[in-house]
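The values are calculated or read from the model by the stated rules, or taken from the named source; none is laboratory data. Because the structure is predicted, anything quoted here is derived from the model rather than measured. Every residue, glycine as well, gets a Cβ built from its backbone with ideal geometry; the counts of neighbours run over all protein chains shown. Ligands, DNA and RNA are stripped out before the accessible areas are found, and what is left, the full protein with its side chains, is counted by its heavy atoms. Shrake-Rupley method; radii C 1.70, N 1.55, O 1.52, S 1.80 Å.
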Amino acid sequence: VAVSCTKPCFVRCVISDGPTVMVEKQEARSSQAERELAAMFGAESTVFQLTLPVKRPAKWSPDTPKLYTARIEVHCDEALVQVENWNFGIRDVRISEEGVLRLNGKPLKVHGVNRVEMSGVNAKAVTDEETLNDLLIMKRHNFNAVRTSHCPNKLSFYHFCDQLGLLVLDEANSECHGFAMLAAMSYLQCAPGWQDAYLKRVTAMFGRDKNFTSIIGWSLGNESGMGPAWQTSADWLRFCDHTRFVQFESGCAHGDATLIMGDGQHPATDIVCPMYADPERCIHIAKTDKRPLVMCEYSHAMGNSNGGLHLFYKVFDDPQYPTVQGGFIWDFVDQGLKIPLAPNPKGPQDYWLDGNYGYGGDFGPDSGNGDKWFVCNGLNNSDRRPKPAMEECKYLMQSIKMSANMADSTVTVSLEDIDGRPLENLLLKWQLTGELRNLVGRGNVSLHDPKSQTSISLSAPSSEGGLWLKLHVELASDRKFAPRGHIVATQTVLLRAPAPAIASRQPVQCAGTKAPLSKAKATSEAEAGAAAIIEHNGDVAMVKGTNYTAVITAGVITEFKDSSASPLLSPAHGLLVDHAFWRAGTDNDRGGADVFFPFLKSVLPRSMISKSLEWKNAGLESMVSRVTKFSWSESVLTVQSEHGPKGKSYFFSSTVAVNFSKASVSFDIQVSPNTSCCCNAVSKLTSLARVGMRFVLPPQYSVVSWLGCGSHESYPDRKASSFWDVHQKTVEGLHFPYMVPGECGGIADVHWVALQASDGRGLLVEYSSDDAPAPKEIVTAGKPGARPAGMIGAQVSASRWTPQVAHAAMHNHELIPKDQKAEDQPIVLHVDTSHAGIGGTGGATDAVWRFYKQYLIDPKTPEWNYRLVLTPLAPGELSLASVSS
């Protein structure tokens with residue numbers, strides 16, 4: 001306690017828990033050691049340092065943020081002159097001899113996120129309500145830590161973190177990022193005239209924030225180089241505060257000044273805190289550096305991103321690497337803005353972009369054209385709507401892990417809190433569902449176990465076909481961050497697999513799964529295995545099945561209708577059915593030096609340009625299909641085609657055997673790259689975007705049902721939280737409005753997908769493949785393959801626009817013309833046998849958008865083989881139940 005008073009004075013401190021006084025102490029004099037601390041407060045201050053022992057205190061932690069009250073009285077000349085009350089917690093932060101960061105004696109896992117103080121409507125004038133809402137969103141998605149990137153926050157932020165239980169890495173307002181462009185990042189750090197400026201920012205941060213319990217570490221700034229200014233500031237902090245660690249990411253392991261970017265391993269930082277290390281790099285650091293590793297930034301969340309996040313958690317949870325203790329995802333929210341054209345706006349017409357959120361360059365020629373949308377890299381949209389990646393975060397960060405197995409009719413559920421917390425004051429809700437999402441059983445179990453592990457036995461009613469167990473752990477009572485009923489952990493377990501499409505095809509890439517059609521439909525299909533009726537008239541063939549008709553002209557399907565003559569496929573975007581090899585760019589696809597230096601894009605080496613530019617230069621964006629040969633053999637049409645840009649050598653060839661049976665149409669597809677062309681641009685690519693088929697359906701088939709990952713968006717490298725089950729959404733529900741449109745709304749590992757109208761009519765597409773299985777996922781980078789690692793089905797998407805429209809649009813409101821309605825647009829369905837991951841795994845500070853190679857597609861793959869079966873659906877033939885929570 002620092003007192004500026006020349007008269008005799010003393011200080012009294014009282015620690016209380018509500019109305020209960022726990023300890024009280026009075027101090028009337030200061031010692032020499034305390035007088036030395038006066039440097040923190042000014043030479044005229046007298047510093048009193050009181051130590052008050054509290055018996056058996058409740059420790060403050062993210063799970064139990066217990067706060068006590070300190071009442072501090074200053075008496076001068078026997079008169080009470082000042083009283084201060086402060087809420088604080090008791091906690092212990094230290095680094096053990098083994099190099100493990102511990103909180104209250106237990107290893108700490110940092111589930112962190114970077115947060116820039118930013119409001120979508122008030123910009124930097126963030127209100128207390130907005131601040132609290134941000135922190136509640138974090139807690140409800142299982143985050144336990146936040147870095148104040150890149151400056152101290154408003155005071156209410158720290159009070160809320162103390163109350164809610166969020167760990168804080170408080171960061172000084174120091175950044176020299178621009179000097180990296182000159183390879184002089186450390187210039188100011190080493191300049192004598194700037195050392196005081198650095199120190200003042202650190203001392204100001206400490207002086208204001210030192211009493212907040214939630215702060216567990218000090219960061220001396222961001223991307224500011226390394227030099228004497230850092231050492232001076234670090235030494236000052238360590239002298240003043242031995243209860244927190246000090247970190248700085250801008251240094252390098254070599255200990256000298258950095259020219260461009262640091263690696264977070266400078267000998268003087270307490271915590272190894274690299275930027276954008278990938279999982280493989282984390283393992284390497286853990287083997288060579290015995291300090292805690294907590295990444296200050298990782299898993300760059302720009303747009304449709306955060307691929308490979310589950311691999312980080314494989315390392316975080318691996319007992320082989322106890323010093324790899326998490327990190328802070330970059331970052332929390334898109335820094336987009338909704339800006340009025342003039343004061344007192346009354347409606348959308350009074351705003352830029354008609355009231356939609358914008359980014360650099362949207363508000364006039366001098367409004368940030370250089371950064372463009374690079375400030376929109378949050379896990380949440382500017383309006384705080386969580387992106388699908390937030391579900392991935394919540395699942396991977398949940399401390400309660402669940403598994404289940406079934407023997408006869410008994411299901412055993414095992415639960416464990418891997419952080420060692422007791423499983424109490426919780427409610428487990430379970431559901432058993434079948435292939436039609438039909439409810440087989442449900443129940444609740446109260447959890448009041450003082451231990452961190454338990455098991456529960458459930459009775460499964462008799463049922464047939466696939467069987468799934470859905471598990472939710474909820475709060476049994478209100479907490480500070482969420483009400484009773486909030487879900488803290490979830491898991492879906494496949495107890496009994498549905499029947500494969502063709503059992504004899506195991507083991508292959510994907511043997512497929514029988515769709516759960518009505519018994520009448522399944523019986524009719526079995527009886528209708530015979531060939532459809534086909535009439536030929538020159539190059540035109542008329543096909544008539546029991547439930548569809550089709551017209552094929554010169555090997556191309558030009559008409560496909562159901563038994564009521566309603567079109568099932570549409571010519572709105574050219575061919576009804578076509579091959580697809582390109583996708584609308586994600587923000588990571590667009591990531592490359594060409595984004596920041598577009599004037600250099602023609603001379604940049606391939607390793608530095610974006611994948612989108614790679615694909616465009618190669619011509620993937622403008623490919624067309626050309627039938628080179630077709631032939632009929634009874635009911636089987638064999639079509640050979642070439643695929644490439646107009647007027648250029650083809651990139652791919654395909655052979656498709658189309659079998660028209662009475663009940664369905666099957667496509668056996670083989671695709672191969674053109675290896676005969678010595679200058680084939682495709683073979684030089686780092687990855688393909690996709691290999692698959694595209695269908696166009698009329699607008700009314702907007703209800704999408706599928707067996708695959710879901711129900712939120714998933715991709716080969718981001719699907720841990722998307723459980724393999726039967727799901728249903730609308731086409732509109734699949735879309736997520738990222739700030740910049742691109743590839744989105746994907747569904748991973750699909751075995752069948754149906755698009756239906758409100759009356760149940762529609763089209764079922766079943767996928768299978770005879771190719772060898774995709775490689776298993778590993779925590780190291782791996783290498784590109786025929787399919788991304790871990791892929792066990794098709795990658796599917798359905799939208800109201802083509803990839804070309806999505807790629808050209810710079811805002812979501814540009815996807816549909818203003819004079820048209822979304823529900824009137826045809827539906828573009830993609831079914832891909834191979835689809836690249838979405839990236840964002842990192843690996844270097846200069847490539848935050850980097851893809852882990854195991855999730856890329858090798859363009860030199862000899863061939864891809866897969867099968868699609870199209871079955872028209874009548875009302876009642878595929879009807880999924882609506883399952884409530």
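Summary table below
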quantity	calculated
Cα long-axis angle, helix 388-397 against the chain (0 to 90 degrees, to the nearest 10)	60
Cross-link pairs beyond the 27 Å C-alpha cut-off, checked among LYS124/LYS601; LYS601/LYS860; LYS521/LYS821; LYS611/LYS648; LYS66/LYS387	LYS124/LYS601; LYS521/LYS821; LYS66/LYS387
Heavy-atom accessible area order for THR64, THR802, largest first, 1.4 Å probe	THR64, THR802
Gain upon complete extension [ASP408, GLN640; 0.36 nm per residue less C-alpha separation]	78.5 nm
Carbon/sulfur fraction of accessible area - the range 35-139, other protein chains in place, 1.4 Å, %	51
Built amide H within the under 5 Å cut-off of ALA489, gap 5+	VAL473
Accessible area of the range 273-406 belonging to carbon and sulfur atoms, whole % at 1.4 Å probe	51
Rough spin-label spacing in nm, given labels placed 7 Å along Cα→Cβ, for SER649 and SER633	3.1
For the range 446-498: relative contact order, % (alpha-carbon pairs under 8 angstrom, 6 or more apart)	37
Residue-normalised accessible area of the chain, expressed per residue, 1.4 Å probe, Å²	41
Simple spin-label estimate for SER607 and THR288 in nanometres, 7 Å along Cα-Cβ	1.8
Lysines whose Cα lies under 19 Å from that of LYS514, excluding same-chain neighbours fewer than 8 positions away	LYS662
Spatial separation of Cα centroids for the range 56-82 and the range 413-469, in angstrom	43
CYS282 - accessible surface, heavy atoms, 1.4 Å probe, Å² rounded to 10	0
Backbone HN-Hα couplings from phi across the range 311-320 [Karplus 6.51/-1.76/1.60, Hz, Gly and Pro as x]	6, 4, 6, 4, 6, 4, 8, 7, x, 5
Environment charge at PHE312 (Cβ cut-off 13 Å; Lys +1, Arg +1, Asp -1, Glu -1)	-4
The chain: angle of helix 155-164 to the longest principal axis, Cα-based, in degrees nearest 10	70
Extension gain, SER672 back to ILE533 (0.36 nm per residue minus Cα-Cα distance, nm)	46.9 nm
Calculated SAXS-style log₁₀ I(q)/I(0) at q = 0.11, 0.15, 0.17 Å⁻¹ - the range 618-682, Debye, Cα scatterers	-0.32, -0.53, -0.64
Point-to-point label distance, ILE778-ALA183, nm (Cα→Cβ direction, 7 Å offset)	3.5
Extension reserve of the ASN425-LYS480 stretch, reckoned as 0.36 nm per residue once the Cα distance is removed	18.4 nm
Modelled FRET efficiency - R0 41 Å, GLU814 with ALA191, Cβ distances, 0.05 increments	0.30
